[in-house]
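Heads up: the structure comes next, in structure tokens.
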Amino acid sequence: MVQDTEPSEPRIDRRRVLQGVGAAGAAGVAGCLGNGDDDDDDDDTGATDDDPGADEVEAPDDELDNLVEGGTLRVGIGSDVDSFDPEDSSDTTSTLAQSLIMEGLTTSDLEGNIYPWIAESWEQQDVQDFSRADYAEYMTTFEAEEEGDDVFVDTGDQYEVFRHPDDAPEAAGDEVRVLTFEDAADAVADGAYAVHMRAEIREEAEFADGSPITADDVAASYHRLKNSENDPQYYDSILYYEVVDDRTIDVYSQEVDAEAARELTPLFIHPEEQAEVPLDELDPRQDNDLTGSGPFELVDWDDANLYEYEKRDDYWVEQAGVDTFEWFEGDADQFPDGPVVDRVELEVIEEDATRSLALQNEELDITTGLAADTFQDFQDSDQFEAVQRESGGYTYLQPPVHVEPWDDQRVRQAFNKIVPRQTIADNVFGGTVQPAWAMMPTLAAGTGASDYEALLDAGREFNEFDPEGAEELLDEAFDDNDVETPVEITVEVNTSDDRVQLCEQVVESLNSVGGGEYFEAELETYEWTSYVGRILSEDYGQPDSGLEHIGCVGLSGTFNPHSFVEALHHSNSIGACCNLVGIEEDWIDEQIDNCRYGVDVTEDADLRAERYQDTVLDLEEYGGSAVTHFSTQDSYYLPRLRNWDQWVFHEGYLDYGLWSPQEEQVAWLDDDAA
């Protein structure tokens, strides 16, 4: 997910773009129906185990006997809510704002285990060995069209699920086989599918308007994802869905998918009528109220400044009781049936220093993403609390791989040796983040690496600061291609304090290598909304586009190791999130897909981890991206906020910290404890 702040960051997996303000957050989930451990794939709670290797963080220790109900939680956020429309937003701040109102079929705990939520059960029914080419007999043939230099396929009103992998039109008139959604219905009717999942909806689950949640609502929520901003993140997996009865929906995957249990669920469930609201219009600021099944409702706002929520008095879990969740292992007589805070206020304060001052003046109760070098000061203070947890948030730079001289792999490899990762970790983030010696964090290492330490050691060959090695590569590449030096290049980033400082380090390093002989780099900064528009343009990083720059973005990864390789390098992420510069290599797509799709990796977690490890190292050698570091998700708060616990992803930190029965987590406000 794109992060709007490296923890004030907005959401993209599933990925969410992080807009940037401090330690980055993350989003998503992983595992077929477990981590592949033979003796622990499923526990008796109905959760699935992904063993992501998250850091141990001391759990809150306030006793529930001390719980205080009521009060207003004042939250400082580092960027505005771009949209309240879940399908039309890809930043973590928007998802954060939506998550107080909306809920999904499932939820997860700190280790990535999956728990049914709106769904009473979410279970695999069948697995068959199908790949995309196996649907050829069901596909519809279209003729490619041409407009200018673009060759495209127009399927009209028919939704394109995917194309035959052998069909790549080069000119108008070329025939292309496409599996439309209607074709997928025929395939499923004939028993042609890979993974079959079934959701049974809880009878107790209701929307805020009192209407029961039905399978038709779930189907409408799937439908709303089509052609949305987040379409590629879901319909790279979803083949088809169909309503069985009022409380049952079947969902099918295109290929055998080791992430099926996690990736086949929509982010949030809408009422059917709401799901029909056109994309980008489902926003209270456009007079379209957002109705969900969550514990809060948005009651007032001052656009771009303040968003006010009130707790509902008819939340369905409070009506049913927390023990409606069969996996709940706590004391249902003592643990509350919903959040105990009455109101939540999200105040937009974009500047880190201003947000920090507001907390110090007790104008806020909690915020995230402050300048990393202030964390220890807050933690050591008697007047404040500060907590952080290693996350899957990461920041990366992507050079324009189709533009000379960056189209030469040696130049990209040199760039990775010029990026001063350790200096960035130490000087920008005060040593609170981990340099990315390989593009796979500890969070996802359980299923994303066969030998994580060996992966990091091998990654250092490509990513450790080595200006002399960079000069050797640049000399070879520039001589072979008659490149005139210094090469002018602009590094671009949004106006986030830590991220700007990071890019300043990169620009300084580029201009210093070889005494300034090789590069003449400069830095440009943009306000977040305009920056997202630039970097998600299909022209970004293309020759003669005027956008031949190095973009810097913070992403929110997931427990799923796929989110750390696919988002940046797979062709299905071009023009979406977050293959900014249009990396499009068949071997990369195939290798990434083979890590996740297929009976072999679904049944053999060790093989899957081996493939991810090999793929990560091959991508490091390709040099299409320079991941600088993996971040921590942090919170800074007043002592009146009791029993707070830290979630690993920015977009979920509020709803998790306030009330999460899967971890028996609840927080409250107590002025007497301040």
Count, please, the residues in the range 291-326 that happen to be in contact with a Phe, Trp or Tyr (Cβ under 6 Å, 6 or more places away or on another chain) and open to solvent by 10 Å² or more (accessible area, probe 1.4 Å).
5
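What number of residues within the range 285-313 satisfy the criterion of being within 22 Å of A667 (Cβ to Cβ) and of a type outside the set (V, I, T)?
From the range 285-313, those within 22 Å of A667 (Cβ to Cβ) are 292-299, 306-313; that's our starting set.
From what's left, of a type outside the set (V, I, T): 292-298, 306-313.
Result for the range 285-313: 15.
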How many of the residues making up the range 405-424 are crowded, with 22+ Cβ neighbours inside 10 Å and in contact with a strand residue (DSSP E or B) (Cβ under 7 Å, 6 or more places away or on another chain)?
6
Condition first: in a strand (DSSP E or B) and either touching a helix residue (DSSP H, G or I) at 6+ places or on another chain (Cβ under 8 Å) or among the aliphatic types (A, V, I, L, M) (or both). Now tell me which residues in the range 302-331 satisfy that.
L306, Y307
Could you please find all residues in the range 621-644 being out of contact with any strand residue (DSSP E or B) (no Cβ under 9 Å at 6 or more places or on another chain) and buried (at least 23 other Cβ atoms within 10 Å of the Cβ)?
G623
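Can you name every residue in the range 204-253 that is at positive phi and either modelled with pLDDT of 95 or more or touching a Lys or Arg at 6+ places or on another chain (Cβ under 8 Å) (or both)?
G210
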Within the range 148-164, residues outside any strand (DSSP E or B) and touching a helix residue (DSSP H, G or I) at 6+ places or on another chain (Cβ under 7 Å) come out as Q158, Y159, H164
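With the requirement that a residue be of a type in the set (V, I, T) and assigned to a strand (DSSP E or B), what does the range 332-356 give you?
V344, V348
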Among residues of the range 600-620 being open to solvent by 40 Å² or more (accessible area, probe 1.4 Å) and within 20 Å of S237 (Cβ to Cβ), the residue modelled with the lowest pLDDT is E603
Condition set touching a strand residue (DSSP E or B) at 6+ places or on another chain (Cβ under 7 Å) and of a type in the set (A, V, I, L, M), scope the range 319-352, selection farthest from E204 (Cα to Cα): answer is I349
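Looking at C578, is it within 23 Å of E404 (Cα to Cα), under 12 Å from the mean Cα position of the chain (by Cα) and not aliphatic (A, V, I, L, M)?
Judged against the criteria, C578 is a match.
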Hey, which of the strands (runs of 3 or more DSSP E) in the range 70-147, taking only ones fully inside, have at least 2 residues that are modelled with pLDDT of 95 or more?
72-77, 106-108, 114-116, 119-127, 140-143
Out of R163, R132, R177, R198, sole residue that is open to solvent by 20 Å² or more (accessible area, probe 1.4 Å), of a type outside the set (S, T, Y), more than 30 Å from Y656 (Cα to Cα) and in contact (Cβ under 8 Å) with a residue 60 or more places away in the chain:
R132
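Looking at I77, I118, which is the one that is crowded, with 24+ Cβ neighbours inside 10 Å, more than 30 Å from D670 (Cα to Cα), under 28 Å from the mean Cα position of the chain (by Cα) and touching a residue at least 12 places away in the same chain (Cβ under 8 Å)?
I118
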Out of E363, E347, which single residue is open to solvent by 80 Å² or more (accessible area, probe 1.4 Å) and of a type in the set (D, E)?
E363
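Would you confirm, using the coordinates I've provided, whether S496 is among the small types (G, A, S), in contact with a Ser or Thr (Cβ under 9 Å, 6 or more places away or on another chain) and within 27 Å of Q591 (Cα to Cα)? Steps first, please.
Values: among the small types (G, A, S): yes; in contact with a Ser or Thr (Cβ under 9 Å, 6 or more places away or on another chain): yes; within 27 Å of Q591 (Cα to Cα): no.
For S496, the condition - among the small types (G, A, S), in contact with a Ser or Thr (Cβ under 9 Å, 6 or more places away or on another chain) and within 27 Å of Q591 (Cα to Cα) - is not met.
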Quick check: is even one residue across the range 272-289 under 30 Å from T324 (Cα atoms) and within 20 Å of the chain's Cα centre (by Cα)?
no
Where residues in the range 332-344 are in contact (Cβ under 8 Å) with a residue 24 or more places away in the chain and open to solvent by 70 Å² or more (accessible area, probe 1.4 Å), which of them is nearest to E120 (Cα to Cα)?
Q334
Under 6 Å between Cβ atoms, which residue pairs at least 6 apart in sequence (or on different chains) link something in the range 431-442 that is in contact (Cβ under 8 Å) with a residue 60 or more places away in the chain with a partner that is in a loop (DSSP other than H, G, I, E, B)?
M440/A449; T442/G53
Would you confirm, using the coordinates I've provided, whether L510 is over 30 Å from H164 (Cβ atoms) and modelled with pLDDT under 95?
no
Does Y612 satisfy the condition of being farther than 19 Å from P441 by Cβ and in contact with a helix residue (DSSP H, G or I) (Cβ under 7 Å, 6 or more places away or on another chain)?
no
Just for the range 426-445: of the residues that are assigned to a helix (DSSP H, G or I) and surrounded by 22 or more Cβ atoms within 10 Å (Cβ to Cβ), which one is farthest from the chain's Cα centre (by Cα)?
V428
Among residues belonging to the range 184-195 that are surrounded by 21 or more Cβ atoms within 10 Å (Cβ to Cβ) and assigned to a helix (DSSP H, G or I), point out the one that is nearest to the chain's Cα centre (by Cα).
A184
For the range 356-392, which residues satisfy the criterion of being among the hydroxyl-bearing types (S, T, Y) and more than 27 Å from the chain's Cα centre (by Cα)?
S381
Are there any helices (runs of 4 or more DSSP H) wholly within the range 211-278 with 3 or more residues that are without any contact (Cβ under 8 Å) to a residue 60 or more places away in the chain and either in contact with a strand residue (DSSP E or B) (Cβ under 9 Å, 6 or more places away or on another chain) or open to solvent by less than 10 Å² (accessible area, probe 1.4 Å) (or both), and if so which?
215-225
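The values are calculated or read from the model by the stated rules, or taken from the named source; none is laboratory data. All of these numbers come straight from a predicted model, not from anything done at the bench. Backbone-built Cβ (ideal geometry, glycine too); neighbour counts: all protein chains shown. Please note that ligands, DNA and RNA were not included when accessible areas were found on the heavy atoms of the full protein model with its side chains. Shrake-Rupley method; radii C 1.70, N 1.55, O 1.52, S 1.80 Å.
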